[in-house]
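Working notes, beginning with the structure itself.
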Amino acid sequence: MPYPDRLLAEDEEVVRHLHPHWLTLARPVLVLLLVVGGTSFGAALVPAGPSQGTVRTVLAGLALLVLVAAVLRPVLRWRTTHYVVTTHRVLLREGVLARRGRDIALSRIADVSYRQTLGQRLVSSGTLTIETVGDGGATVLERVPDSDGVQQLLVQLVEEDADRRGGAGVPPPRDGWDDDGWTPDGWTPAGWTAGHRTTRF
């Protein structure tokens with residue numbers, strides 16, 4: 001399902017829209033199979049008699065409670081967790097009834113890294129850490145599918161965003177400042193070359 005356009009700016013486009021890795025659903029699916037199989041087997045073992053229907057109803061009720069807690073809730077949590085990368089920002093949304101979200105502008109991202117265990121490498125998953133400038137601190141995203149690809153994508157988008165902002169025009173000289181150092185790429189002190197400028201990402 002595409003991300004709602006009403007949440008995007010006019011010139012903003014969705015580049016990647018992800019949910020947590022599908023392996024997140026492995027445990028709920030396993031629980032579903034065990035509960036359905038176990039309940040069916042248990043119901044078949046109930047001896048015939050006047051209480052047979054009552055026992056089977058109790059078993060079905062217990063199975064339903066387990067399915068809601070151990071299967072339905074995790075599936076809804078997975079489905080309502082969104083990792084959205086756009087041309088302007090990273091949007092994070094999660095929660096079924098109580099919603100929680102965070103928007104990270106590309107211009108505020110200082111560093112992006114990912115971490116994978118051996119098992120995560122086999123299924124192309126990982127943990128993504130986004131370091132931001134300011135008081136927000138680091139944002140850690142667990143079980144991100146294609147985490148290395150998302151990390152490289154964010155690096156590229158941040159660089160493109162910086163180039164787009166830097167290409168808006170050369171700032172006018174300010175009073176009391178020598179404008180000899182202004183270039184289309186920013187201000188360069190006397191005696192420096194473009195090679196001295198370092199972009200950390």
Any hit, region 49-70, residues being without any contact (Cβ under 8 Å) to a residue 12 or more places away in the chain and under 26 Å from the mean Cα position of the chain (by Cα): yes
Hits in region 116-154 (condition: farther than 16 Å from Y83 by Cα, in contact with a helix residue (DSSP H, G or I) (Cβ under 7 Å, 6 or more places away or on another chain) and among the small types (G, A, S)): G134
Scope region 20-54; condition open to solvent by less than 60 Å² (accessible area, probe 1.4 Å) and farther than 30 Å from Q120 by Cβ; matching residues: G38, T39, G42, A43, V46, G49, Q52, G53
Those residues of region 145-157 which are in contact (Cβ under 8 Å) with a residue 12 or more places away in the chain and open to solvent by 20 Å² or more (accessible area, probe 1.4 Å), in sequence order: P145, D146, D148, Q151, L153, V155
Breaking point among (1) among the acidic types (D, E); (2) farther than 16 Å from H17 by Cα; (3) touching a residue at least 24 places away in the same chain (Cβ under 8 Å), for E142: (2)
Verdict on V144 being of a type outside the set (S, T, N, Q) and modelled with pLDDT of 85 or more: yes
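The values are calculated or read from the model by the stated rules, or taken from the named source; none is laboratory data. For clarity, every value in this text was computed on a predicted model and none was experimentally measured. Neighbour counts are summed over all protein chains in view; Cβ atoms, including those assigned to glycine, are modelled from backbone coordinates with ideal geometry. Side chains are part of the model used for accessible areas, which takes the heavy atoms of the whole protein and leaves out ligands, DNA and RNA. Shrake-Rupley method; radii C 1.70, N 1.55, O 1.52, S 1.80 Å.
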